[in-house]
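**Q** Got a structure for you, written out below as structure tokens; questions coming shortly.
The values are calculated or read from the model by the stated rules, or taken from the named source; none is laboratory data. Not measured: the values here are computed from a predicted model. Cβ placement follows ideal geometry from the backbone for every residue including glycine, while neighbour counts extend to all protein chains displayed. To get the accessible areas, we keep the full protein, side chains included, count just its heavy atoms, and leave off ligands, DNA and RNA. Shrake-Rupley method; radii C 1.70, N 1.55, O 1.52, S 1.80 Å.
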Amino acid sequence: MEFNHTPVLLREVIECLKIVPNGCYVDGTLGGGGHASYVNEKLGLDGRFVGMDQDGEAILAASRRLERFHTRKDIVRRNYAEFDSVLDELGIDKVDGILLDLGVSSYQLDNAGRGFTYREDAPLDMRMDQRQSLTAKTVVNEYEEFRLYQIIRDYGEERFAKNIARQIVKARQKKPIETTQELSDLIRVAIPMKFRATGGHPAKRTFQAIRIEVNGELTVLEQTIDRMIERLKPGGRLCIITFHSLEDRIVKTKFRENENPCICPPEFPVCVCHRKPKGTNITKKPILPGETELAENSRSKSAKLRVFERGE
């Protein structure tokens with residue numbers, strides 16, 4: 001199966017990155033190289049591109065896709081949380097732009113064997129980095145009921161999280177839950193009949209929650225944004241595409257804090273905390289897909305792009 005992922009908000013991302021031909025740009029979520037191809041098209045021979053992804057299949061696919069470009073490229077199999085170390089190892093101090101596309105790729109969703117989808121039966125996996133030991137099967141079968149409830153409630157924003165956690169624990173006492181179909185069926189039973197037909201597939205939110213837990217997605221994002229802003233050159237931009245409210249809330253909050261980091265009480269006549277702004281939150285409101293993209297790519301419908309520009 002070919003690693004394929006239609007890049008979301010492509011035109012908007014390329015415009016917002018404000019690519020200069022001799023610049024240095026980082027794609028921390030390389031995927032199949034969709035956005036990266038267009039970045040490399042705009043770079044000159046003295047430009048530099050660093051692509052990172054924790055998925056080995058993505059690295060292979062993107063490397064092939066980017067072969068035709070003669071820019072200086074470094075393709076690295078690492079989680080974007082390690083981007084500081086990657087840049088240090090490559091001898092790069094500051095960069096002109098960084099992109100994060102936090103969506104799960106079409107390949108990962110459509111390849112049933114990866115265990116991301118509730119639409120086909122497969123072993124419970126959901127690892128973006130298949131070198132790691134924690135899988136969805138471990139979460140579902142070994143986490144305590146209250147922790148499962150918290151994950152499904154917080155990461156999935158699922159109103160029936162308590163019922164679902166209870167159903168999972170009850171079922172696994174008889175035998176381990178091993179496949180996506182088994183889990184999906186349990187979730188369906190846990191949700192009252194009148195609510196099953198609303199809000200999409202009944203397993204959607206729980207699968208999202210477990211995937212976030214397996215891959216530590218929100219923790220990595222929250223811990224990385226400040227450091228990415230620090231590595232931008234003056235005028236450099238950080239572009240982040242999110243696909244659900246939890247991610248977007250983190251990005252929005254972090255960008256706001258970096259634009260206005262002062263923690264002095266409002267009644268203070270002058271700032272005494274001496275925290276200086278790191279730059280400007282370009283997108284007070286997120287950039288959303290247009291009607292044409294929504295019609296052509298249904299997976300773009302929840303995408304939001306936010307942009308931060310480093311100050312002098």
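**Q** Enumerate the pairs (first residue in the range 123-135 and over 16 Å from residue 180 (Cα atoms) and of a type in the set (D, E, K, R); second residue anywhere and open to solvent by 20 Å² or more (accessible area, probe 1.4 Å) and assigned to a loop (DSSP other than H, G, I, E, B)) with beta-carbon separation below 7 Å, excluding pairs fewer than 6 apart on the same chain, so at least 6 apart or on different chains.
**A** That search, which allows pairs on different chains as well, returns 129/54; 129/79.
**Q** Looking only at the range 221-256, how many residues end up being among the hydroxyl-bearing types (Ser, Thr, Tyr) and surrounded by fewer than 14 Cβ atoms within 10 Å (Cβ to Cβ)?
**A** Applying the first criterion (among the hydroxyl-bearing types (Ser, Thr, Tyr)) to the range 221-256 yields 224, 242, 245, 253.
This time we only want the ones that are surrounded by fewer than 14 Cβ atoms within 10 Å (Cβ to Cβ), so: 245, 253.
Summing the residues that are among the hydroxyl-bearing types (Ser, Thr, Tyr) and surrounded by fewer than 14 Cβ atoms within 10 Å (Cβ to Cβ) in the range 221-256 gives 2.
**Q** Something else about it: Kindly list, by first and then second residue, each pair from a residue in the range 293-312 that is in contact (Cβ under 8 Å) with a residue 40 or more places away in the chain and under 30 Å from residue 234 (Cβ atoms) to a residue that is open to solvent by less than 30 Å² (accessible area, probe 1.4 Å) and among the acidic types (Asp, Glu), limited to pairs with Cβ atoms under 6 Å and residues at least 6 apart or on different chains.
**A** Taking only residues 6 or more apart or on different chains, the pairs are 304/248; 305/12.
**Q** Taking the conditions exactly as written (basic (Lys, Arg), out of contact with any Leu (no Cβ under 7 Å at 6 or more places or on another chain), over 30 Å from residue 29 (Cα atoms) and assigned to a loop (DSSP other than H, G, I, E, B)), does residue 162 satisfy them or not? Spell out the reasoning first.
**A** On the way: basic (Lys, Arg): yes; out of contact with any Leu (no Cβ under 7 Å at 6 or more places or on another chain): yes; over 30 Å from residue 29 (Cα atoms): yes; assigned to a loop (DSSP other than H, G, I, E, B): no.
Spelling it out, it is not the case that residue 162 is basic (Lys, Arg), out of contact with any Leu (no Cβ under 7 Å at 6 or more places or on another chain), over 30 Å from residue 29 (Cα atoms) and assigned to a loop (DSSP other than H, G, I, E, B).
**Q** Under 29 Å from residue 229 (Cα atoms), open to solvent by 30 Å² or more (accessible area, probe 1.4 Å) and part of a loop (DSSP other than H, G, I, E, B): does that describe residue 131? Can you show your working first?
**A** Values: under 29 Å from residue 229 (Cα atoms): yes; open to solvent by 30 Å² or more (accessible area, probe 1.4 Å): yes; part of a loop (DSSP other than H, G, I, E, B): yes.
When the stated conditions are applied, residue 131 passes them.
**Q** Then there's this: Any idea how many residues of the range 1-13 are open to solvent by less than 10 Å² (accessible area, probe 1.4 Å) and of a type in the set (Val, Ile, Thr)? Before you say what the answer is, go through the steps one by one.
**A** First pass over the range 1-13, keeping only residues open to solvent by less than 10 Å² (accessible area, probe 1.4 Å): 8-9, 13.
Okay, now just the ones that are also of a type in the set (Val, Ile, Thr), so 8, 13.
Total meeting the criteria: 2.
**Q** Here's a follow-up. Within the set of pairs 6+ apart or on separate chains, which have a first residue in the range 183-196 that is under 12 Å from residue 207 (Cβ atoms), a second that is among the hydroxyl-bearing types (Ser, Thr, Tyr) and assigned to a helix (DSSP H, G or I), and C-beta atoms under 7 Å apart?
**A** 187/206
**Q** Just the residues that are of a type in the set (Asp, Glu) and within 30 Å of residue 94 (Cα to Cα), please, taken from the range 265-311.
**A** Keep residues of the range 265-311 that are of a type in the set (Asp, Glu), which gives 267, 291, 293, 296, 309.
Correct list: 309 only.
**Q** Moving on to the next point. From (1) among the hydrophobic types (A, V, I, L, M, F, W, C); (2) open to solvent by 60 Å² or more (accessible area, probe 1.4 Å); (3) within 24 Å of residue 216 (Cα to Cα), pick out the condition that doesn't hold for residue 86.
**A** Failing condition for residue 86: (2).
**Q** How do the pairs read when you match residues in the range 160-182 that are on the phi < 0 side of the Ramachandran plot with residues anywhere that are of a type in the set (Phe, Trp, Tyr), using Cβ under 6 Å and keeping only pairs 6 or more apart or on different chains?
**A** Close Cβ pairs (under 6 Å, with a partner that is of a type in the set (Phe, Trp, Tyr)) amount to 161/149; 162/149; 165/149; 180/118.
**Q** Give 119, 131, 196, 188 a once-over and let me know the one that is modelled with pLDDT under 95 and touching a Leu at 6+ places or on another chain (Cβ under 9 Å).
**A** Working: 131 fails: touching a Leu at 6+ places or on another chain (Cβ under 9 Å); 196 fails: touching a Leu at 6+ places or on another chain (Cβ under 9 Å); 188 fails: touching a Leu at 6+ places or on another chain (Cβ under 9 Å).
Just a single option satisfies the conditions, and that option is 119.
**Q** When you go through (1) open to solvent by less than 40 Å² (accessible area, probe 1.4 Å); (2) part of a loop (DSSP other than H, G, I, E, B); (3) at pLDDT 90 or above; (4) of a type in the set (Gly, Ala, Ser) one by one for residue 91, which number turns out not to apply?
**A** Among (1) open to solvent by less than 40 Å² (accessible area, probe 1.4 Å); (2) part of a loop (DSSP other than H, G, I, E, B); (3) at pLDDT 90 or above; (4) of a type in the set (Gly, Ala, Ser), residue 91 violates only (1).
**Q** From the set of residues in the range 37-55 that are of a type in the set (A, V, I, L, M, F, W, C) and over 16 Å from residue 93 (Cα atoms), which is farthest from the chain's Cα centre (by Cα)?
**A** In the first step, residues of the range 37-55 are kept if they are of a type in the set (A, V, I, L, M, F, W, C); the result is 39, 43, 45, 49-50, 52.
Those left that are additionally over 16 Å from residue 93 (Cα atoms): 39, 43, 45, 52.
Details: 39: 19, 43: 25, 45: 30, 52: 13 Å.
The extreme case among them is 45.
**Q** Taking the stated definitions as given, is residue 170 closer than 26 Å to residue 248 by Cα, over 21 Å from the mean Cα position of the chain (by Cα) and not in a loop (DSSP other than H, G, I, E, B)?
**A** Values: closer than 26 Å to residue 248 by Cα: no; over 21 Å from the mean Cα position of the chain (by Cα): yes; not in a loop (DSSP other than H, G, I, E, B): yes.
When the stated conditions are applied, residue 170 does not pass them.
**Q** Which residues, taken from the range 202-217, are touching a residue at least 40 places away in the same chain (Cβ under 8 Å) and either touching a Ser or Thr at 6+ places or on another chain (Cβ under 8 Å) or open to solvent by less than 20 Å² (accessible area, probe 1.4 Å) (or both)? Before you say what the answer is, go through the steps one by one.
**A** From the range 202-217, those touching a residue at least 40 places away in the same chain (Cβ under 8 Å) are 203-215, 217; that's our starting set.
203, 206, 207, 209, 210, 212, 214, 215 - these are the residues of the range 202-217 that are touching a residue at least 40 places away in the same chain (Cβ under 8 Å) and either touching a Ser or Thr at 6+ places or on another chain (Cβ under 8 Å) or open to solvent by less than 20 Å² (accessible area, probe 1.4 Å) (or both).
**Q** Another question, then. Just to confirm my filter: which strands (runs of 3 or more DSSP E) fall fully inside the range 14-78 and include at least 1 residues that are closer than 12 Å to residue 99 by Cα and open to solvent by less than 10 Å² (accessible area, probe 1.4 Å)? Full working, then the answer.
**A** Numbers: elements: 24-27, 48-52, 72-76.
Per the criteria, 24-27, 48-52.
**Q** Among the residues of the range 257-275, is there at least one that is at pLDDT 95 or above, more than 28 Å from residue 204 (Cα to Cα) and either surrounded by 19 or more Cβ atoms within 10 Å (Cβ to Cβ) or within 18 Å of the chain's Cα centre (by Cα) (or both)?
**A** Within the range 257-275, one or more residues are at pLDDT 95 or above, more than 28 Å from residue 204 (Cα to Cα) and either surrounded by 19 or more Cβ atoms within 10 Å (Cβ to Cβ) or within 18 Å of the chain's Cα centre (by Cα) (or both).
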